[in-house]
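The values are calculated or read from the model by the stated rules, or taken from the named source; none is laboratory data. Computed from a predicted structure; not experimentally measured. Note: ideal-geometry Cβ built from the backbone for every residue, glycine included; neighbour counts use all protein chains shown.
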Amino acid sequence: MNRGFYTILLAQFLSALADNALLFAAIALLAQMNAPDWHTPLLQEFFVIAYIVLAPFVGSFADSRPKGQVMFVSNSIKFVGCLAMLLGMPPLYAYGIVGIGAAAYSPAKYGILTEYLSPNQLVVANSWMEGTTVGAIILGSVVGGLLLTPTLTEHLVGGTFLAHFIAPPQFAIIAITLLYLGAAVINLYIPYVPIDHKLPKRSLSYILHDFWHAFILLWKDPLGRVSLAVTTLFWGAGATLRLLVIAWAALALNYEVQQATMLTAVVALGIAVGAVVAGFAIKLEDSVKVLPAGIVMGILASSMVLVHTPESAAILLFLIGALAGFFVVPLNALLQHRGHLLMGAGHSIAVQNFNENIGILLLLGVYTLMVKEDLHINVIAIIFGLLVMFTMTVIWRKYRFVKAH
């Protein structure tokens with residue numbers, strides 16, 4: 001791996017760090033506004049809706065110009081959304097603007113890997129990308145929690161006129177805005193790669209038809225189908241698990257939001273470790289063999305209800321994360337490889353995002369409804385774990401004999 005690849009990683013790290021820290025700042029801002037509890041999962045819903053609505057366009061956008069330029073524009077949109085939240089826009093809407101930037105960013109950050117690197121480097125590159133992203137999730141959880149600490153805000157702005165305007169949520173958002181700015185600057189130094197699969201036409205009807213063709217093509221491909229199914233489940237389950245852990249920690253461990261963010265960081269640490277192990281242990285052609293790890297992950301998720309101490313919670317959540325990272329990284333690399341061969345990197349990542357965020361929207365929607373109906377958090381955890389286990393079992397039984405080439 002050369003210097004250009006690590007520049008891409010650094011830009012992704014800062015952008016993902018800001019995304020994840022902003023989620024916790026927005027949750028705290030909702031609490032400050034006395035918003036209903038079920039507004040918290042709606043934050044993620046508003047974030048991911050852009051991935052679904054813009055999916056037909058962001059892939060074409062990413063493939064039509066240099067990926068570094070696309071990443072710069074996307075980070076600038078995130079910056080505007082964060083600034084809007086700071087200036088008083090309702091958190092749900094402002095986080096939705098950040099989601100627009102993230103939706104445009106994703107095809108570029110993954111698509112550049114297939115254009116910049118050779119196929120035999122993709123699994124390792126993906127393990128680095130996932131490890132870096134998860135590292136940003138870990139640090140984002142920690143940083144988000146620290147920035148929300150009242151003593152830190154009091155120490156830095158207490159006794160000044162700013163203390164009348166800046167509470168911990170606002171202080172956190174100011175710091176996160178600077179992270180987005182830093183990420184945008186680093187985007188300017190990403191290596192230039194030739195434009196890949198540029199659209200011959202720019203009409204709305206052609207773009208929609210082109211996206212639908214890519215969607216069908218990837219789902220008809222046996223290897224594309226299994227990797228799409230698994231990554232869709234993974235991201236839907238991951239987004240739900242993050243909020244589930246925060247709510248569960250409040251009940252089982254009497255944790256505040258700041259403390260619960262540390263547990264989400266433990267899950268992310270496990271994903272990073274699992275991703276790194278997969279990068280060195282699993283070859284692209286063996287990607288489908290990791291599916292049983294997802295079944296075990298579902299079983300462990302249901303067993304959260306048996307845990308009542310911080311130590312055992314940390315161990316269990318680390319194992320859940322490690323299994324998740326181990327099975328998703330090879331399948332993510334396989335999906336990128338097949339997509340690049342079939343239709344172009346940006347197009348395939350846009351299709352992947354479309355499917356994965358529908359998964360997030362559906363699972364978070366179910367979670368939101370269960371919270372709104374006052375279902376006990378232990379019941380929600382059991383349902384969640386069993387759903388993951390059952391779905392992964394069905395996928396494994398159907399595709400365990402498919403060979404990746």
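Residues that are of a type outside the set (D, E, K, R) and farther than 24 Å from GLY279 by Cα within segment 1-19 comprise just one, ALA18. Does ASN34 count as on the phi > 0 side of the Ramachandran plot and not aliphatic (A, V, I, L, M)? So ASN34 passes the test. Selection of first residues in segment 52-63 that are under 8 Å from PHE211 (Cβ atoms) and of second residues that are in a helix (DSSP H, G or I) and charged (D, E, K, R), restricted to Cβ pairs under 8 Å at least 6 apart or on distinct chains, gives the following pairs, ordered by first then second residue: PRO56/ASP210; SER60/ASP210. Here GLY135, GLY159, GLY88 are screened, and the one residue that is within 16 Å of the chain's Cα centre (by Cα) and either surrounded by fewer than 22 Cβ atoms within 10 Å (Cβ to Cβ) or modelled with pLDDT of 70 or more (or both) is GLY135. Being modelled with pLDDT of 85 or more and either surrounded by fewer than 20 Cβ atoms within 10 Å (Cβ to Cβ) or in contact with a Pro (Cβ under 7 Å, 6 or more places away or on another chain) (or both) holds for only one residue in ILE216, ILE195, and it is ILE216.
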